[in-house]
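Values in this text are rule-based calculations from the coordinates and carry no lab data. Predicted, not measured: the structure shown is a model, and the values here were computed from it. Cβ placement follows ideal geometry from the backbone for every residue including glycine, while neighbour counts extend to all protein chains displayed.
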Amino acid sequence: MIITHHGKEFFKLQTGDMVLALNPISKDSKFKTNGFGANIALVSINHDDYNGADLVEYAGKVPFVIKGPGEYEISDIMFQGWATKGYDDKINSIYYFEFDGMKILYLGAMYQSEISIEARQAIGDVDVLFVPIGGKSVLGAEAAHKLAVTFGPKVIIPMDFGTDQEKDALKDFLKESGSEKVAPIDKLTIKYKDISSKEQEIIVIE
């Protein structure tokens, strides 16, 4: 699996010809980025910074869009989503799915760290966790780290720590996790065997 970051909480996950887009930035957002073609787009919250599924249409191909709680099976991938609280009383969905042999938990634009008992019981092992850390419209660094470690992930990828969030969000998050020396990378290429023995390793993707 190859993971690249395209701003805010917008990530591209790819293995072979299968491409997932997570919280693509809308064309109406003040944040501008380049789109790409995706087979499936996950949208966690109805906000211009996160709901731009149209940005990942390509050559007439429209991605299957998942937005909201529920169970979805697309291209032999099972997605589970549960509602959490987003900023300004919006509903934010968290998603759990397996991709390229790795179990992924994507927390989207969570603003409060409460997660339902139903979700807790359904979420099993987590290999890769995406967690927002910005501190203004999403979880702050301390709350994000406390929540992240409860899932026992092998890899933690922080997100949404840009100029519109708290100034030192990333620095504070790395300090909370004792990972101050972590250097950002351009992209992450991983297989399960690469992370099977890891425990809560922080990886920052620019």
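Mind checking region 121-206 for trypsin sites (Lys or Arg not before Pro) that DSSP puts in a loop (not H, G, I, E or B) and that have at most 15 other Cβ atoms within 10 Å?
Lys136, Lys167, Lys181, Lys191, Lys198
List the GluC sites (Glu not before Pro) in region 124-203 that DSSP assigns to loop (not H, G, I, E or B) and whose Cβ has at most 15 other Cβ atoms within 10 Å. Which are they?
Qualifying residues, ordered by number: Glu180, Glu199.
According to a simple spin-label model (label point 7 Å from Cα along Cα-to-Cβ), what is the distance in nm between Val62 and Val149?
Spacing of the two 7 Å Cα→Cβ label points: 4.6 nm.
Pull out the extension gain between Arg120 and Glu201, defined as 0.36 nm times the separation in residues minus the alpha carbon to alpha carbon distance; nm, one decimal.
Net length gain for the segment: 27.0 nm.
Using modelled backbone amide H atoms (1.01 Å from N, in-plane), which distant-in-sequence or interchain residues come within less than 5 Å of Gly52's amide H?
Those qualifying (amide H under 5 Å, at least 5 residues apart or on another chain) are Ile25, Ser26.
Which value at 222 nm does the chain reach when only helices count, each DSSP H run of 4 or more adding -39,500 (n - 2.57), with the total divided by all residues and rounded to the nearest 500 deg cm²/dmol?
Value at 222 nm, helices only, nearest 500: -3500 deg cm²/dmol.
Counting only the backbone N, which residues of region 4-31 are under 18 Å from the spot 7 Å out from the Cα of Asp88 toward its beta-carbon?
The answer is 8-9, 24-31, whose backbone nitrogens lie closer than 18 Å to the label point.
So in the chain, what percent of DSSP beta bridges are antiparallel if you round to the nearest 5?
The antiparallel proportion sits near 60 percent.
With r as the distance between the Cβ atoms of Phe31 and Asp168 and R0 = 25 Å, compute the FRET efficiency 1/(1 + (r/R0)^6) and round to 0.05.
Step by step, r from the Cβ atoms, then E = 0.80.
Which Cα, out of His6, Pro63, Leu42, lies furthest along the positive dipole direction of region 1-88 (beta carbon charges, K/R +1, D/E -1)?
After comparing all options, I get His6.
For the chain, with a Gaussian network of springs between Cα atoms less than 10 Å apart, report the residue from Phe36, Phe161, Phe97 with the top mean-square fluctuation.
Maximum fluctuation in the GNM of the chain, among the listed residues, is at Phe36.
In a GNM of the chain with a 10 Å cut-off on Cα contacts, which of Val128, Val62, Val155 has the highest mean-square fluctuation?
Comparing Val128, Val62, Val155 in the GNM, the peak value goes to Val62.
Using only Cα atoms, locate the centre of region 146-206 and the centre of region 60-74, then give the distance between them in Å, rounded to an integer.
27 Å
Enumerate the amide H contacts of Ile205 below 5 Å, restricted to partners 5 or more residues apart or on another chain; note that Pro and chain-start residues carry no placed amide H.
Amide H to amide H, under 5 Å and 5 or more residues apart or across chains, Ile205 pairs with Ile185.
For a 22 Å ceiling on Cα separation, which of these pairs sit above it: Lys12/Lys191; Lys103/Lys181; Lys32/Lys167; Lys32/Lys175; Lys154/Lys191?
Long pairs (Cα-Cα over 22 Å): Lys103/Lys181; Lys32/Lys175.
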